[in-house]
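Data first, discussion second: the structure below is written as structure tokens.
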Amino acid sequence: MISYKNIHKAFDIPVLSGVDLTVETGEMFALFGPSGTGKSVLLKTTLSLIVPDIGDVEVDGMSVYDGPSSNLEKIRRKIGYVFQHAALFDSLNVYENVSMGLPEDEIARMRTADLSRRVWEALEIVNLEPREILSKLPSELSGGMKKRVGIARAIVGRPEILLWDEPTTGLDPINTAAVERLIQRLSKELEVTSLLVTHDVEGGLHICDRVAMLHSGTLRFCGTPQEFRDSPDTVVQAFVDRAAAIAALDMAIV
Amino acid sequence: MANPIVSPVVGWFAKVGRAYHITLEHAGALGILAWDTIVALVTLKVRFRDVLRQLHIMGVQSLPIVFVTASLAGIVTSQQGGYQLISSSPRYVLGTLVVQSVVLELAPLLTAVVLVGRIGARITAELGTMVVSEQIDAFKSLGRDPVAILAAPRIVAGVLTMPLLVGFANVIGIYAGMLMADLDGGLGKETFFYGARLFWHSWDLFYGFSKSVVFGLVIPVISVHMGLRTRGGAEGVGLQTTQAVMFMILTILIIDALFPPLMLQ
């Protein structure tokens, strides 16, 4: 379970203003909101990649900011983070990138064959052919492949929680649908808690158990996808309508 | 309505205050980076392979440009020295002039300036790109320490490489100067080194190498610090790299100016 408690963050101007949100264990949760409302900032506070000005985050009862520093290390082991643009390490090949997803001490204890097997398995889970891409550098991969390698790196350590930061950004509608199916499949197969930050509202509503919407740095809505669609809140309605129009346009282009 | 008398004064104080704040912020961040690097080294988190790679990039790959720079420095010093001394001093003084100039000033300073361009700018741009493409965040999210992986190997390599490059530049600069003195003014090798030995102090070599160690520390520390502070996209990387180069050159020149009163009295 992830609990965000009264999160405040400002970069010259306030980005998050008192956000309280709980993601239950095993649930698939989507976080929506217009650009610049602090969705990615909130996600990054989970791993202390961005430190909130006020507030705390708890992961399975362990406090990220008020507890001992060893908490953060334990929390990072529990979580796999999929970055918006994959964030693969340029100077490392696919094998090295994916193996970085395993803790250093675990790598030190592993035999090379076991390490290779783990990397191989992770790449197969995300529908990539390991034999063809293991030795390739990120610069030799397409956008969709980079995303998949980024996902493989996030899941190779068998995390209990997956944080997805706009995993479909920059992908065409076909690849977007493929990545969404992958997210859904992985969350079910690996039995992980998933928190998905996305602009793709239709996709998020389709695959998630609960959704929330951030607006102007505050939590505007939290509930089931159906409740979100039926919300009487005009801001939520305007967001749903705009998202539906964009999705229809994407489908027309395809 | 703004007060026409007070506003410029307040504005001036505000500017001074901002500059003071930024300077303190940089100083604090540089101190933290240096401390984190020491901790990473002491706790053996720095991989030898990473240091070796940086030694190759900073040292071996810098040899050609250092060779060219040192050669030209020796040649120019020899030519200009010969021109100035031809009617006023014994010819062997040219050996003194070239050796002292190269060892005390030209080799450490020019090598440092070359490394600012070749290594410092590269480090800032590389780390800046890693920041804006979230690779640094990725390291942290995977439980890796970016200081141990990225900063410490570069800083260690800088401190180890710079004195070796300056030693190389000393040899090349002196020999280039000697060859030029021979070609230009017919000053033989023995006469050149006679002049060099006449006013030689071993301390001068220590002085030049001390400078090189400090410069070797300053370049990677500032470039790493500036790289890790990059914000924005490609424009941010470009801006930060330019500022880093300016910051490094200024720091090196100021440190260079502080050395004579501290070590040559």
Report task. Collect the residues in region A:101-116 that are β-branched (Val, Ile, Thr) and exposed (fewer than 13 other Cβ atoms within 10 Å of the Cβ), keeping them in residue-number order. Result -> A:112
Report task. Read through the list (1) surrounded by 19 or more Cβ atoms within 10 Å (Cβ to Cβ); (2) more than 11 Å from every other protein chain (Cβ to nearest Cβ); (3) more than 18 Å from residue A:159 (Cα to Cα), then give the number of the only condition that residue A:126 fails. Result -> (3)
Report task. Taking residue A:219 as meeting all but one of (1) closer than 30 Å to residue A:141 by Cα; (2) in contact (Cβ under 8 Å) with a residue 12 or more places away in the chain; (3) out of contact with any helix residue (DSSP H, G or I) (no Cβ under 6 Å at 6 or more places or on another chain), write down the number of the exception. Result -> (1)
Report task. Could you run through region B:1-58 and say how many residues are outside any helix (DSSP H, G or I), of a type outside the set (A, V, I, L, M) and closer than 26 Å to residue B:229 by Cα? Result -> 3
Query - Any hit, region A:90-101, residues being assigned to a loop (DSSP other than H, G, I, E, B), in contact (Cβ under 8 Å) with a residue 40 or more places away in the chain, under 19 Å from the mean Cα position of the chain (by Cα) and more than 14 Å from chain B (Cβ to nearest Cβ) - result: no
Query raised in the report: Does residue B:89 satisfy being without any contact (Cβ under 8 Å) to a residue 24 or more places away in the chain, hydroxyl-bearing (Ser, Thr, Tyr) and out of contact with any Pro (no Cβ under 9 Å at 6 or more places or on another chain)?
Result: yes
Query raised in the report: Quick one: what pairs do we get from region A:149-177, first residue on the phi > 0 side of the Ramachandran plot and surrounded by 17 or more Cβ atoms within 10 Å (Cβ to Cβ), second in a loop (DSSP other than H, G, I, E, B) and of a type outside the set (Gly, Ala, Ser), C-beta under 8 Å, 6+ apart or different chains?
Result: A:166/A:84; A:166/A:198; A:166/A:199
Report summary line: Within region A:11-21, residues of a type outside the set (A, V, I, L, M) and either part of a loop (DSSP other than H, G, I, E, B) or crowded, with 16+ Cβ neighbours inside 10 Å (or both) come out as A:12, A:17
Query raised in the report: Residue check, residue B:53 against (1) more than 29 Å from residue B:189 (Cβ to Cβ); (2) of a type outside the set (S, T, N, Q); (3) touching a helix residue (DSSP H, G or I) at 6+ places or on another chain (Cβ under 6 Å), all met but one. Which one?
Result: (3)
**Report entry** Any pair with Cβ under 7 angstrom, 6 or more apart, that starts in region B:32-45 at a residue that is touching a residue at least 40 places away in the same chain (Cβ under 8 Å) and ends at one that is outside any helix (DSSP H, G or I)
**Finding:** B:40/B:46; B:40/B:145; B:45/B:145
Query raised in the report: Where residues in region B:98-133 are more than 30 Å from residue B:201 (Cα to Cα) and crowded, with 24+ Cβ neighbours inside 10 Å, which of them is nearest to the other protein chains (Cβ to nearest Cβ)?
Result: B:130
Query - Number of positions in region B:92-133 that are in contact (Cβ under 8 Å) with a residue 12 or more places away in the chain and not in a helix (DSSP H, G or I) - result: 1
Query raised in the report: Can we say residue B:88 is surrounded by fewer than 23 Cβ atoms within 10 Å (Cβ to Cβ) and assigned to a loop (DSSP other than H, G, I, E, B)?
Result: yes
Requested in this report: State yes or no: is residue B:185 in contact with a helix residue (DSSP H, G or I) (Cβ under 7 Å, 6 or more places away or on another chain), at pLDDT below 95 and of a type in the set (Gly, Ala, Ser)?
Outcome: yes
Requested in this report: Would you check if there is a residue in region B:252-262 being part of a helix (DSSP H, G or I), exposed (fewer than 13 other Cβ atoms within 10 Å of the Cβ), more than 18 Å from the chain's Cα centre (by Cα) and free of Cβ contacts under 8 Å to residues at least 24 places away in the same chain?
Outcome: yes
Query raised in the report: Quick check: anything in region B:159-179 hydroxyl-bearing (Ser, Thr, Tyr), under 18 Å from residue B:65 (Cβ atoms) and in contact with a Leu (Cβ under 8 Å, 6 or more places away or on another chain)?
Result: yes
Query raised in the report: Can you name the number of the only condition in (1) in contact (Cβ under 8 Å) with a residue 60 or more places away in the chain; (2) farther than 20 Å from residue B:106 by Cα that residue B:242 fails?
Result: (1)
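The values are calculated or read from the model by the stated rules, or taken from the named source; none is laboratory data. Predicted model, so just to flag it, every value in this text is computed and none were measured. Positions of Cβ are generated from backbone atoms using ideal geometry, with glycine treated the same way; all protein chains shown enter the neighbour counts.
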